[in-house]
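Enquirer: Can you read through this structure? Questions will come right after.
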Amino acid sequence: MDGEGTIRVLLHRPPSDDALKPAILYLHGGGMVTGSPELMAGSHLKLASDLDAVVAAPGHRLAPEFPSPSGREDCYSVLKWLHANAAELKVNPNRITVMGDSGAGGLAAALALLARDRKEMPLCAQILLYPMPGMRTGTEEAPFDDPLTGEFVVNRPLTAFSWNAVKGSLNRNSDQMGYFSPALAED
């Protein structure tokens, strides 16, 4: 991609390539501090084939080296690129979905909020798989305490590390807090 920097995007196309396809902007998991689109390449290929859709998987910047809003803005740039190049990519610009798992589930929710508020391009849907939608999860600030939170794959200390790394110097009273932690968004 062009712009301030380069963002890698893996494109997975369905076998039939004869008409405009829906697209899924799939954000990779890893608590926003680790991971890459290559880790899910097999699943993305299957998703593209099963849904007859183009799957675009960006390699966005990760915290703590790049705290908020770096990863979110990278993903927004890829969404803009996907819309701007829809004809060339054989993508229907009115059928673009954002999807993410784990930390990227929260990132996908934030991206959907950002796309709604900036009003530059539409999203068809958002799909959040076992998301991290809010920085309060697993902490004393959680609206409710689920004793199983963080007991299976990622524990509470790792979840807290991820959120603190992504937060960087963002102030809790910032008007950007809802984009950082979508569960805190007012609308």
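The values are calculated or read from the model by the stated rules, or taken from the named source; none is laboratory data. In this text the structure is predicted, and so the values were computed from the model without any measurement. With ideal geometry, Cβ positions are generated from the backbone for all residues, glycine too; neighbour counts draw on all protein chains shown. Just the protein is used for accessible areas: all its heavy atoms, side chains included, with ligands, DNA and RNA removed. Shrake-Rupley method; radii C 1.70, N 1.55, O 1.52, S 1.80 Å.
Enquirer: In this structure, does residue 39 turn out to be aliphatic (A, V, I, L, M), in contact with a Leu (Cβ under 8 Å, 6 or more places away or on another chain) and either in a loop (DSSP other than H, G, I, E, B) or under 14 Å from residue 8 (Cα atoms) (or both)?
Expert: On the way: aliphatic (A, V, I, L, M): yes; in contact with a Leu (Cβ under 8 Å, 6 or more places away or on another chain): no; either in a loop (DSSP other than H, G, I, E, B) or under 14 Å from residue 8 (Cα atoms) (or both): yes.
Against the criterion (aliphatic (A, V, I, L, M), in contact with a Leu (Cβ under 8 Å, 6 or more places away or on another chain) and either in a loop (DSSP other than H, G, I, E, B) or under 14 Å from residue 8 (Cα atoms) (or both)), residue 39 does not qualify.
Enquirer: Considering only the stretch 113-134, state which residues are in a loop (DSSP other than H, G, I, E, B), under 19 Å from residue 33 (Cβ atoms) and of a type in the set (A, V, I, L, M). So that I can check it myself, show each step before the final result.
Expert: First pass over the stretch 113-134, keeping only residues in a loop (DSSP other than H, G, I, E, B): 119-124, 130-134.
Checking which are under 19 Å from residue 33 (Cβ atoms) leaves us with 130-134.
Once the filter is applied, which keeps residues that are in a loop (DSSP other than H, G, I, E, B), under 19 Å from residue 33 (Cβ atoms) and of a type in the set (A, V, I, L, M), the stretch 113-134 yields only 132.
Enquirer: I'd like the full set of residues that are open to solvent by less than 50 Å² (accessible area, probe 1.4 Å) and either at pLDDT 85 or above or of a type in the set (A, V, I, L, M, F, W, C) (or both), limited to the stretch 135-154.
Expert: Selection gives 135, 142.
Enquirer: Which pairs do you get when a residue that is farther than 15 Å from residue 21 by Cα, found in the stretch 72-89, comes within reach of a residue that is in a helix (DSSP H, G or I) and open to solvent by 30 Å² or more (accessible area, probe 1.4 Å), reach meaning Cβ atoms under 7 angstrom, with the pair 6+ apart or on two chains?
Expert: Taking only residues 6 or more apart or on different chains, the pairs are 72/179.
Enquirer: Touching a residue at least 60 places away in the same chain (Cβ under 8 Å), closer than 20 Å to residue 112 by Cα, open to solvent by 20 Å² or more (accessible area, probe 1.4 Å) and not in a loop (DSSP other than H, G, I, E, B): does that describe residue 95? Step through it out loud before you land on a result.
Expert: Working: touching a residue at least 60 places away in the same chain (Cβ under 8 Å): yes; closer than 20 Å to residue 112 by Cα: yes; open to solvent by 20 Å² or more (accessible area, probe 1.4 Å): yes; not in a loop (DSSP other than H, G, I, E, B): yes.
Considered against the rule, which asks whether it is touching a residue at least 60 places away in the same chain (Cβ under 8 Å), closer than 20 Å to residue 112 by Cα, open to solvent by 20 Å² or more (accessible area, probe 1.4 Å) and not in a loop (DSSP other than H, G, I, E, B), residue 95 comes out as yes.
Enquirer: In addition: Out of 79, 62, which single residue is out of contact with any Cys (no Cβ under 9 Å at 6 or more places or on another chain), open to solvent by less than 50 Å² (accessible area, probe 1.4 Å), assigned to a helix (DSSP H, G or I) and not small (Gly, Ala, Ser)? Please lay out each step first, then the result.
Expert: Working: 62 fails: assigned to a helix (DSSP H, G or I).
Checking each option against the conditions leaves just 79.
Enquirer: Let me ask something additional. Would you check if residue 110 is at pLDDT 95 or above, buried (at least 22 other Cβ atoms within 10 Å of the Cβ) and either under 26 Å from residue 18 (Cα atoms) or hydrophobic (A, V, I, L, M, F, W, C) (or both)? Talk me through it step by step, then tell me what you get.
Expert: Numbers: at pLDDT 95 or above: yes; buried (at least 22 other Cβ atoms within 10 Å of the Cβ): yes; either under 26 Å from residue 18 (Cα atoms) or hydrophobic (A, V, I, L, M, F, W, C) (or both): yes.
Spelling it out, residue 110 is indeed at pLDDT 95 or above, buried (at least 22 other Cβ atoms within 10 Å of the Cβ) and either under 26 Å from residue 18 (Cα atoms) or hydrophobic (A, V, I, L, M, F, W, C) (or both).
Enquirer: Tell me yes or no: at least one residue of the stretch 103-112 is within 26 Å of residue 177 (Cα to Cα), out of contact with any Leu (no Cβ under 9 Å at 6 or more places or on another chain) and in a helix (DSSP H, G or I). Give the steps one after another, and end with the answer.
Expert: At the first step, the residues of the stretch 103-112 found to be within 26 Å of residue 177 (Cα to Cα) are 103-112.
Add one more test, that the residue is out of contact with any Leu (no Cβ under 9 Å at 6 or more places or on another chain), and what stays is 110.
Filter once more, keeping what is in a helix (DSSP H, G or I): 110.
Within the stretch 103-112, one or more residues are within 26 Å of residue 177 (Cα to Cα), out of contact with any Leu (no Cβ under 9 Å at 6 or more places or on another chain) and in a helix (DSSP H, G or I).
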